[in-house]
Amino acid sequence: MTVATTAVTLLIADDDEVTRSGLRTLLAAQPGITVVGEAADGIEAVEQAQRLRPDVVLMDVRMPRRNGIEATRLLLAEASDPPKIVVITTFENDDYVTAALSAGAGGFVLKRLPVRQIAEAVRVVAQGEAILFPAALRQMVTARPLDSSRALPRAALTGREEAVLRLMATGRSNPEIAQTLTVSLETVKTHVGNVLTKLDAQNRTHAVVIAYESGLVVPGSAG
């Protein structure tokens, strides 16, 4: 997904000083991104985010004192106008990432990606979209036993809403879902909103995590 360059303020949270400094230097050079601060752990990340009010926090998940999962939960629960969260990690199959997505992070990127791709992820999430890699997410979620406490309330979703959720799990955007189902974009937005509300999902990515963990979407059926 490519989005127009818009001004985005960014906080970088990573416990490794070299990584943090490198990301700051490289991302600050990207069009439309202003790095407003850094944090070395989850406690600092919450404090800095509340003080600086960035549009996006680039959040490492494995940090001391408070990890990125708890920091994400706190920011989304306590801030009056919380920032968007992009998880950054070294490993695709990191259980911490899945937990952070369930906590409400808008997506994740790998540290090894080119900086322009990390910058693009920051811009996309800043605009309220989700960064979703179906194959990697499926690998992370289905590597674990199904969580019965996250069972999908199937009766709550209509057939069309289930179809929309399955298409969301493939990484399709709203316009692509509309084209696939031959319905209007506004109809798709309504269905997506209903899915998020009924599943009590923070965002599209969280809804897809729930779909995988509940067994609605299984390996090979999406992406």
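The values are calculated or read from the model by the stated rules, or taken from the named source; none is laboratory data. The structure presented is a predicted model; accordingly, all values stated were derived computationally and were not measured. Backbone-built Cβ (ideal geometry, glycine too); neighbour counts: all protein chains shown.
Computed values, structure above
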read-out: Residue list for the range 111-146, restricted to those being part of a helix (DSSP H, G or I), of a type in the set (S, T, N, Q) and at pLDDT below 85; value: 139, 142
read-out: Pairs where the first residue, in the range 17-44, is under 17 Å from residue 61 (Cα atoms) and free of Cβ contacts under 8 Å to residues at least 40 places away in the same chain and the second is of a type in the set (Val, Ile, Thr) and exposed (fewer than 15 other Cβ atoms within 10 Å of the Cβ), C-beta under 9 Å, 6+ apart; value: none
read-out: Residue that is part of a helix (DSSP H, G or I), under 19 Å from the mean Cα position of the chain (by Cα), at pLDDT 90 or above and closer than 17 Å to residue 113 by Cβ, where the choices are 10, 27, 58; value: 27
read-out: Count of the range 30-51 residues which are crowded, with 16+ Cβ neighbours inside 10 Å and either of a type in the set (Ser, Thr, Tyr) or assigned to a helix (DSSP H, G or I) (or both); value: 7
read-out: Candidates 164, 192, filtered to the one that is within 19 Å of residue 127 (Cα to Cα) and either modelled with pLDDT of 85 or more or in contact with a His (Cβ under 9 Å, 6 or more places away or on another chain) (or both); value: 192
